[in-house]
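These notes concern the structure reproduced below.
All of the numbers you see were taken from the coordinates with simple rules; none came from a lab. Owing to the predicted nature of the structure, the values given are computational and were not obtained by experimental measurement. Please note: Cβ atoms are built from the backbone with ideal geometry, for glycine as well, and neighbour counts cover all protein chains shown.
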Amino acid sequence: MSDIETIKAAVKKLNAQATQLKMDLHDLSEDLPIGWEKIPEVAEKTFSAYQQLTEARKQLAAAGG
C-alpha cells in the first residue's frame, strides 16, 4: 500500500470515528438533563477525534492525495 493509500485509509477511519462521536454528543444533548455529567468526556473525545482528522487531512493534502 502506498503512503497516500495508507493516509486515505487513516482519514476514512478517523472520519468514521469523529462522525460517531459527533452523533454521541448530539444524542447526549438531546437527553439533557439526563447524563449531563458525561458532556466533558464525550466533548473531549470528539474534539480530539476532529483534531486527529484535521491533521490526517493535512498530511493527505501534503502527500498529493
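For this structure, a couple of remarks:
- Shown for SER2, SER29: other C-beta atoms within 10 Å of each C-beta, ranked fewest to most, produce the order SER2, SER29.
- ³J(HN,Hα), Karplus 6.51/-1.76/1.60, whole Hz, each residue of segment 20-34, x for Gly, Pro: 5, 5, 4, 5, 4, 5, 4, 4, 4, 5, 5, 8, 4, x, 5
- A helix-only calculation puts the chain at -29000 deg cm²/dmol for mean residue ellipticity at 222 nm, using -39500 (n - 2.57) for each DSSP H run of at least four residues, averaged over all residues.
- Among the listed options (i) 6.1; (ii) 4.2; (iii) 5.4, the one matching mean projected area of the Cα convex hull in nm² as calculated from these coordinates is (ii).
- Neighbourhood net charge (14 Å Cβ-Cβ; Lys/Arg +1, Asp/Glu -1) for LEU28: -4
- Taking label points 7 Å from Cα along the Cα-to-Cβ direction, LYS13 and SER29 give a separation of 2.9 nm.
- Centroid-to-centroid separation of segment 7-25 and segment 27-65 [C-alpha atoms, Å]: 8
- Radius 9 Å from Cβ of GLY65, net charge of other residues (Lys, Arg +1; Asp, Glu -1): -1
- In plain terms, the chain from GLU44 to ARG57 could stretch by 2.7 nm, reckoned as 0.36 nm per residue minus the Cα-Cα distance.
- Listed residues LEU53, SER29, ALA9: farthest to the positive end of the dipole of segment 3-63 (Cβ charges): ALA9
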